[in-house]
1. Hey, rough spin-label estimate for residue 130 and residue 64, points 7 angstrom out along Cα→Cβ, what's it come to in nanometres?
2. Can you run phi through the Karplus equation (6.51, -1.76, 1.60; θ = phi - 60°) for segment 73-80 and list ³J(HN,Hα) in whole Hz, with x for Gly and Pro?
3. Can you tell me the order of 42-54, 66-78, 181-193, 139-151 when each peptide is scored by its average per-residue count of other Cβ atoms within 10 angstrom, highest first?
4. What per residue convex hull volume, in Å³, comes out for segment 1-56 when only alpha-carbon positions are used?
5. Calculate log10 I(q)/I(0) of segment 11-156 for q = 0.10, 0.20 Å⁻¹, where I(q) comes from the Debye formula with a single equal point scatterer on each Cα and nothing for solvent.
6. Once label points are set 7 Å from the Cα along Cα→Cβ at both residue 107 and residue 23, what is their separation, rounded to one decimal in nm?
7. Please give the length that would be gained between residue 219 and residue 71 if that part of the chain were fully extended, namely 0.36 nm times their separation in residues minus their C-alpha to C-alpha distance (nm, one decimal).
8. Along Cα→Cβ, 7 Å out, is where each label goes; now give me the distance between the ones at residue 99 and residue 16 in nm to one decimal.
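Values quoted throughout were computed directly from the atomic coordinates according to the rules given, and no laboratory measurement underlies them. Quick caveat: nothing in here was measured; it's all calculated off a predicted structure. For neighbour counting, all protein chains shown are included, and Cβ atoms are generated from backbone atoms with ideal geometry for every residue, glycine included.
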Amino acid sequence: MGAVLALAGAAGVDRDFAGAPVAATFYPAALADKLAGMDLFPPGDDVGAEFNSSIGTTCTLAVDWYYGLDASPGFGEVDFVTTVLHELGHGLGFATFVDDTTGEKFLGFDDVFMLQLEDHSTGELWPDMSDAERVTSSTDPGDLHWVGAEVVAASGSLSDGVHASGHVEMFAPSTLDPGSSVSHFSDDLDPDGLMEPFETGALHDVGLALELFADLDWCICGNGVVEPPELCDDGNSIDDDFCSNACQGPPVPMLPVWGRVAGALLLLSTGIVLLGQHPRRVRP
């Protein structure tokens, strides 16, 4: 199995809030906040993440964290920035809430991630499958695909891990890998992607994860490039303008009370509850 580098997930979900693009569908907390235009989960966290502090100390594998910002880890080092980006991806919505052992939908409702999952061997989308069919699909290597329009349009950048249709393969090994199956791109992607389940070296370019977030209804206003010495991706090619364009928007207003009306779900009343912990590992 190798060593678990880190794991993360959404710390809450919501559905049928004002601004939700699809009814009766769960959205991860951070995306729900964005779509609603307010903080639906005060004063709790939207994302929960854990990082392995045993790396470089008591871990049995001879690896160590690399904390530099230049994407240049040395031999035996794992790039910490890459790992953080990967785990933030899960917290922001790169994950399904379907039970990976039973195939059951979370509380009986679709989630926004599963809407774009298709099993190419049957042509069925995940929301239309039975629980048993979803279990079978999650262990159908090469046939579990992401079919969102934004990812498909950008899939020409891949030489492997992509179907002739432009559908991109998801991680669905023949033996279920709980927490990793389905909620990652396939580890056959070439070139490697940030959201594969195993450590693939330093990757500060989020790659097709950007288009997948657009398929989830995140607003993507960058161009995928950070022009030094800028601090973020502001969507233009002008150096040294320090991300001062309209992409940054106003602060998000806060709801005045802790809680939501009936029909919504809070999972934070007793602390952070990660909705599925999606580990990233280094191979043994």
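1. 5.5
2. x, x, 4, x, 10, 10, 5, 5
3. Highest to lowest by the protection proxy: 181-193, 139-151, 42-54, 66-78.
4. For segment 1-56, the hull spanned by Cα atoms encloses 98 Å³ per residue.
5. For the requested q values the scattering log ratios are -0.49, -1.17.
6. About 1.8 nm, to one decimal.
7. Once the chain is fully extended between residue 219 and residue 71, it gains 50.6 nm.
8. Going by the 7 Å Cα→Cβ label model, 2.2 nm.
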